[in-house]
Amino acid sequence: MRLYALCDEDLLRKYGKTPAEFVETAKSKNAEIIQYRNKNGDKEFIKKRLIELRKLYDGFLIVNDKYELTPFCDGVHLGQEDLKAIDPDKQKALALLKETIGSDKIIGISTHNEEEVLEANDLDVNYIGLGAYRNTSTKKDVTTVLGEKLDEIAALSTHFVAAIGGVRESDHFKHVTYHVIGSGLFV
């Protein structure tokens, strides 16, 4: 299993953990990527947190949604709606994004079904997040749980696949590159 650790600000608060404690746990489990997600913080707070995380972690550091903060990390992960907000044409959106953040930054996008995975095959991204695998308390807007179909759909991707949404360390996938685990690091 390859680990992509999701450092969610709300989960840090819920579990009473510091970023340093999160990074230490992620390192102890050999996390290759840490994504920092903060759906409620302002950009200045998120920037400070990225700087703090960078000092603690020298692996790949990704920011969720806030692509304008990629100078402080290695890339960005965007949801489908976040990509469309840049431009309704996803090819154009990614071209604009690369012009803005540079072609050396990692770009990942969320996918939720076979159609979005097949569409992502034609997009210039580094990886896709696919899910939700099972229900999760950290995502209130999950409408589809893929369950065992996740691995079957992942097999259709030409990109690295990160399984998202309720993934546990004990889960086994044949066609998934990374397990994305957030609160599961603490339980």
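Just so it is clear, none of the values below were taken in a lab; they were calculated from the coordinates. Please read all numbers here as calculations on a predicted model, not as lab measurements. Cβ coordinates were reconstructed from backbone atoms using ideal geometry, including for glycine residues, and neighbour counts include every protein chain displayed.
So here's what we get for this one:
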{"read-out": "Gyration tensor (alpha-carbon) shape descriptor, segment 12-118, a/c threshold 1.5", "value": "prolate"}
{"read-out": "Length gained when the stretch residue 32-residue 15 is fully extended (0.36 nm per residue, less Cα-Cα span)", "value": "3.9 nm"}
{"read-out": "Only Lys, Arg (+1) and Asp, Glu (-1) charged, at Cβ; segment 18-102 dipole about Cα centre in debye", "value": "80 debye"}
{"read-out": "Positive dipole terminus of segment 1-158, leading residue within 146, 62, 129 (C-beta point charges)", "value": "62"}
{"read-out": "Neighbour cut-off at most 13 other Cβ (10 Å), DSSP loop, trypsin sites (Lys or Arg not before Pro), segment 39-128", "value": "39"}
{"read-out": "Residue 68 paired with residue 124, simple spin-label distance in nm, labels 7 Å along Cα-to-beta-carbon", "value": "2.3 nm"}
{"read-out": "Alpha-carbon centroid distance for the pair segment 31-108 / segment 114-187, whole angstrom", "value": "18 Å"}
{"read-out": "Within the chain: Cβ-based charge dipole about Cα centre, in debye rounded to nearest 20 (Lys, Arg +1; Asp, Glu -1)", "value": "740 debye"}
{"read-out": "Listed residues 158, 179, 111: farthest to the positive end of the dipole of segment 3-185 (Cβ charges)", "value": "179"}
{"read-out": "The chain, relative contact order [Cα under 8 Å, separation at least 6], %", "value": "20 percent"}
